[in-house]
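The structure appears below as structure tokens.
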Amino acid sequence: MESREQSLKTQVSELTVLLESLRQQRDGANTGLTDNKVARATEEQMSASFQQQQQSLEQRKSELGQLIEQRRAELGSFVTRKEQAELEIQESRSQIERRQHEREQVNAQTAELLAQKQSQETDINTREEGLREQRRRLTEVQQQRGSIEVELAQKNMSVQNLRERIQQKYHLNLDDIRSECITITYADEGPAKVHTLTPEEMAASGAATDWDGVAKQVQELQQRIDEMGPVNLVAIEEYEETEQRFQFLSKQHDDLVQAKAQLIEVISRINVQTREMFRETFEKIRDNFRAMFTEVFGGGKADLVLTDENDLLESGIDIIARPPGKQLQTISLLSGGEQTMTAVSLLFSIYQVKPSPFCVLDELDAPLDESNINRFIRVLQRFLVHSQFIIITHNKRTIGMADVLYGVTMQEQGVSRIVSVKFHKSDEVVTDHQPTSLETPTSVRGVEQDEDAPHKREETIEIMMAK
């Protein structure tokens, strides 16, 4: 029995070895089967793609066949056009020969015309000489006429001045006096008396003008006018004051016009510089917003569009956003969380252009879900080197990444209390400061409420300050 047991153990060992080898063969076969399945799936996929390519290639082949037929038809039309062109060339050559013959005839006619031209030029020169003589005489006559017109104008001006002086001094219009009549005025006392005689009456009575009497009467009238005195003795002084006032106001007007021109120039220069600065800053923010939106949403597309590119200073800005899997639309059609993340992208895009030392965010993460909270925190951590953030939040993930936590509690009605919690990293050793009852290590994420006062109203607002 012992020898049999020994033989059976030997057989069991051999069978175990054989079983192990069979297992290994089975594993190898399974591995090969898996590889064959993968290869078969790959071949099937390649076969399907080849079938799709075959359809497109057959369609391309059909298109190329049609194109060949079209080119053949065009080739036939080109041969016809070539024959037509050869015929046109022959006709052109025959026309060239005719034109050469006509050219010879035209040259002969041109020689005859040149001879006629020379004779006509000689005649023209003779006539031009006579014309110049006539023009010289005309010029002399025009000069004489001009001098006579100037003299006439001077005489007319003298007559007009004389008329105006008589009108101003004697209030008498010479146009109203007829040359064929003589008016005699008697103005001894009372209203003047006027007696008019016609030339016939003068010739019948033998009367003549008494110029001495006229001069005497004029002198008396002038004396009476002089006795009246000046109408306005201070007219000259008033005129000088008015002139000075006019000069002062004219100077002020010129200064105002000049100042207005300078202001318009300054405004124009400021507008040009403002447009350049606005366009440069807008393009930087636009590029940053595109990249930041894609990073925050994990894809998608966004853009900033000016409503009026012709007037940058008065133009509005439209925010166009397309989160992954959605159509391109304005920000007003997005959900609350999408609008918040878009606003975060725009905020940090502006921060990249001109960072601020401090930033206060009031419950910005309230409408965000967990995935968007993580994205918001990752983006926020990128800017901690440049700015310090003060965030009002109720979200635990946002609170968890803070350096200092401040909680405002109201254990008694109308009495607020501030509780601060300073966080440390798990591997940071605190040597200079020991945590008190109000300062706890990283494991603390809030302030415990008083369980012994269930009727007390407690309102806590966590404020996170991240450096």
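The values are calculated or read from the model by the stated rules, or taken from the named source; none is laboratory data. Since the model is a prediction, treat every value here as computed from it, not as a measurement. Virtual Cβ from ideal backbone geometry, glycine too; neighbours counted across all protein chains shown. These area figures cover heavy atoms from the full protein model, side chains too; ligands, DNA and RNA do not enter into them. Shrake-Rupley method; radii C 1.70, N 1.55, O 1.52, S 1.80 Å.
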Scan of region 313-349 for residues that are among the hydrophobic types (A, V, I, L, M, F, W, C), modelled with pLDDT of 80 or more and surrounded by 16 or more Cβ atoms within 10 Å (Cβ to Cβ), ordered by number: Ile319, Ala321, Met341, Val344, Leu346, Leu347, Phe348
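So, of the residues in region 225-239 that are among the charged types (D, E, K, R) and at pLDDT 80 or above, which turns out to be least open to solvent (accessible area, probe 1.4 Å)?
Filtering region 225-239 down to residues among the charged types (D, E, K, R) leaves 226-227, 237-238.
Narrowing further to those that are at pLDDT 80 or above: 237-238.
Details: Glu237: 111, Glu238: 94 Å².
Looking at the filtered set, the residue picked out is Glu238.
Conditions (1) more than 26 Å from Ala366 (Cβ to Cβ); (2) assigned to a loop (DSSP other than H, G, I, E, B), marked per residue:
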{"residue": "Asn288", "(1), (2)": "no, no"}
{"residue": "Glu295", "(1), (2)": "no, no"}
{"residue": "Asp303", "(1), (2)": "yes, no"}
{"residue": "Lys326", "(1), (2)": "no, yes"}
{"residue": "Gln339", "(1), (2)": "no, no"}
Residues of region 380-421 classified as open to solvent by 50 Å² or more (accessible area, probe 1.4 Å) and more than 22 Å from Ser349 (Cβ to Cβ), total: 13
Residue under evaluation Ile319, criteria (1) closer than 20 Å to Glu283 by Cβ; (2) part of a loop (DSSP other than H, G, I, E, B), criterion not met: (2)
Near pairs, Cβ below 7 angstrom, 6+ apart or cross-chain, from region 385-402 (within 15 Å of Leu364 (Cα to Cα)) to any residue that is among the acidic types (Asp, Glu) and surrounded by fewer than 18 Cβ atoms within 10 Å (Cβ to Cβ): Ile392/Asp362; Ile392/Glu363; Thr393/Glu363
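Report yes if some residue within region 456-467 is open to solvent by less than 30 Å² (accessible area, probe 1.4 Å), closer than 30 Å to Gly336 by Cα, part of a strand (DSSP E or B) and modelled with pLDDT under 50; otherwise report no.
Quick first cut of region 456-467, residues open to solvent by less than 30 Å² (accessible area, probe 1.4 Å) only: 464, 466.
Next, only the ones that are closer than 30 Å to Gly336 by Cα stay: 464, 466.
Checking the rest, the ones that are also part of a strand (DSSP E or B) come to 464, 466.
Subsequent filtering for residues that are modelled with pLDDT under 50 retains 464, 466.
Yes, region 456-467 contains a residue that is open to solvent by less than 30 Å² (accessible area, probe 1.4 Å), closer than 30 Å to Gly336 by Cα, part of a strand (DSSP E or B) and modelled with pLDDT under 50.
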Filter result for Lys301 (over 30 Å from His386 (Cα atoms), touching a helix residue (DSSP H, G or I) at 6+ places or on another chain (Cβ under 9 Å) and either at pLDDT 85 or above or open to solvent by 50 Å² or more (accessible area, probe 1.4 Å) (or both)): no
The lone exception for Leu361 - which of (1) modelled with pLDDT of 80 or more; (2) open to solvent by 70 Å² or more (accessible area, probe 1.4 Å) it fails: (2)
Any hit, region 280-287, residues being surrounded by 15 or more Cβ atoms within 10 Å (Cβ to Cβ) and of a type in the set (A, V, I, L, M, F, W, C): yes
Odd one out for Lys251, checked against (1) within 23 Å of Asn374 (Cα to Cα); (2) in a helix (DSSP H, G or I): (1)
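Name the residue, out of Asp303, Asp308, that is farther than 17 Å from Gln339 by Cβ and under 26 Å from the mean Cα position of the chain (by Cα). It would help to see each step written out before you state the result.
Values: Asp303 fails: farther than 17 Å from Gln339 by Cβ.
The conditions single out Asp308.
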